[in-house]
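Below is one structure, written out as structure tokens; comments come after it.
The values are calculated or read from the model by the stated rules, or taken from the named source; none is laboratory data. From a predicted model like this one, the values you see are computed outputs, not experimental measurements. Here the Cβ positions follow ideal geometry from the backbone for every residue, glycine too, while neighbour counts run over all protein chains shown.
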């Protein structure tokens with residue numbers, strides 16, 4: 001709740017001259033349309049990635065994959081940092097495949113986190129090279145860079161080189177071992193699947209970070225392009241590290257966007273509004289639609305081609 005009060009203050013209190021009517025007049029509606037059209041494109045890449053990864057567990061059509069992904073989004077809104085999303089995705093698989101599906105979905109999410117950290121590291125470098133500061137003094141910033149690099153390297157090793165490492169740790173837990181079985185190679189991913197999954201994660205990340213950029217431009221935020229991208233990548237990086245629920249995720253992301261984008265533009269009210277609108281388009285709408293999937297023919301687990 002506190003984060004929403006801060007965002008509301010930035011929109012209505014800090015800028016007493018803020019006017020929605022003037023904002024509507026200055027807005028670039030063509031860019032807003034592009035932002036909206038990029039939403040299904042972004043989720044298509046995620047659905048395609050899930051189809052590729054889960055094919056080793058249960059083949060899905062691209063449409064059933066998409067349904068599974070959006071149902072996972074809906075389920076993820078009920079848990080901190082969407083940790084329930086893998087369970088939601090696996091819920092629409094056949095019962096005998098759901099346990100393995102949870103691991104596959106978790107691995108899929110980790111590959112997307114790899115993209116977040118990778119672009120975040122680039123954002124930190126660009127940010128500091130431009131003479132801007134991360135939260136805290138320069139000493140804290142240097143430590144932050146070191147930690148980000150270490151985490152990035154660890155993620156690469158886990159996702160690309162040793163995708164079964166997490167499973168080997170899971171099966172050491174007695175209850176989990178009964179649930180997922182005890183074969184350490186049951187979730188082995190081929191190099192081709194790993195390359196495709198990581199590649200799609202990077203492409204999708206660039207798509208929705210470009211959505212953020214276009215949303216800011218559509219609402220008449222003006223700043224150097226490379227700094228806007230860096231601010232966006234830092235926003236996603238830091239917000240992904242904060243535990244959030246459905247009712248606070250949008251506010252936390254808006255708060256970090258105010259912090260970083262606000263360093264290169266004075267129009268923080270519009271920055272906060274852009275972050276909130278983008279969350280509604282990219283997460284809110286898919287979560288609402290995904291919540292209805294089990295009432296359709298999803299969950300049938302049909303094995304179909306793309």
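Considering the range 259-274, and only residues there that are at pLDDT 90 or above and surrounded by fewer than 23 Cβ atoms within 10 Å (Cβ to Cβ), the residue that is nearest to residue 33 (Cα to Cα) turns out to be 264.
Restricting to the range 48-88, count the residues that are closer than 16 Å to residue 201 by Cβ and over 15 Å from the mean Cα position of the chain (by Cα). Total satisfying the criteria: 6. Among the residues in the range 62-77, are any closer than 26 Å to residue 229 by Cα, modelled with pLDDT under 90 and in a helix (DSSP H, G or I)? Checked against the condition, which is being closer than 26 Å to residue 229 by Cα, modelled with pLDDT under 90 and in a helix (DSSP H, G or I), the range 62-77 yields no hits at all.
Going through (1) under 14 Å from residue 106 (Cα atoms); (2) modelled with pLDDT under 95 one by one, residue 49 falls short only on (2). Return the residues of the range 38-47 that are surrounded by 18 or more Cβ atoms within 10 Å (Cβ to Cβ) and out of contact with any helix residue (DSSP H, G or I) (no Cβ under 6 Å at 6 or more places or on another chain); say none if nothing qualifies. Residue satisfying the conditions is 43 alone. The residues on offer are 35, 3, and the sole one that is modelled with pLDDT of 85 or more and either surrounded by 19 or more Cβ atoms within 10 Å (Cβ to Cβ) or over 15 Å from the mean Cα position of the chain (by Cα) (or both) is 35.
Conditions tested, residue by residue: (1) at positive phi; (2) at pLDDT 95 or above; (3) surrounded by fewer than 16 Cβ atoms within 10 Å (Cβ to Cβ).
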{"residue": "198", "(1), (2), (3)": "no, no, no"}
{"residue": "208", "(1), (2), (3)": "no, yes, no"}
{"residue": "211", "(1), (2), (3)": "no, yes, no"}
{"residue": "219", "(1), (2), (3)": "no, no, no"}
{"residue": "222", "(1), (2), (3)": "no, no, yes"}
{"residue": "232", "(1), (2), (3)": "no, yes, no"}
{"residue": "238", "(1), (2), (3)": "no, no, no"}
{"residue": "244", "(1), (2), (3)": "no, no, no"}
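Among the residues of the range 98-108, is any in contact (Cβ under 8 Å) with a residue 40 or more places away in the chain, surrounded by fewer than 19 Cβ atoms within 10 Å (Cβ to Cβ), in contact with a helix residue (DSSP H, G or I) (Cβ under 8 Å, 6 or more places away or on another chain) and more than 18 Å from residue 208 (Cβ to Cβ)? Yes, the range 98-108 has at least one match. Taken over the range 49-73, the criterion of being more than 16 Å from residue 100 (Cβ to Cβ) and surrounded by 22 or more Cβ atoms within 10 Å (Cβ to Cβ) is satisfied by 49, 64, 66, 67, 69, 70, 71, 73. Quick check on the range 152-174. Is at least one of its residues at pLDDT 65 or above, closer than 21 Å to residue 234 by Cβ and touching a helix residue (DSSP H, G or I) at 6+ places or on another chain (Cβ under 6 Å)? Scanning the range 152-174 turns up at least one residue that is at pLDDT 65 or above, closer than 21 Å to residue 234 by Cβ and touching a helix residue (DSSP H, G or I) at 6+ places or on another chain (Cβ under 6 Å).
If you filter the range 282-300 down to residues that are surrounded by fewer than 19 Cβ atoms within 10 Å (Cβ to Cβ) and more than 22 Å from the chain's Cα centre (by Cα), you find that the one that is modelled with the highest pLDDT is 294. The set of residues from the range 236-281 being more than 25 Å from residue 131 (Cα to Cα), more than 15 Å from the chain's Cα centre (by Cα) and without any contact (Cβ under 8 Å) to a residue 60 or more places away in the chain comprises just one member, 247.
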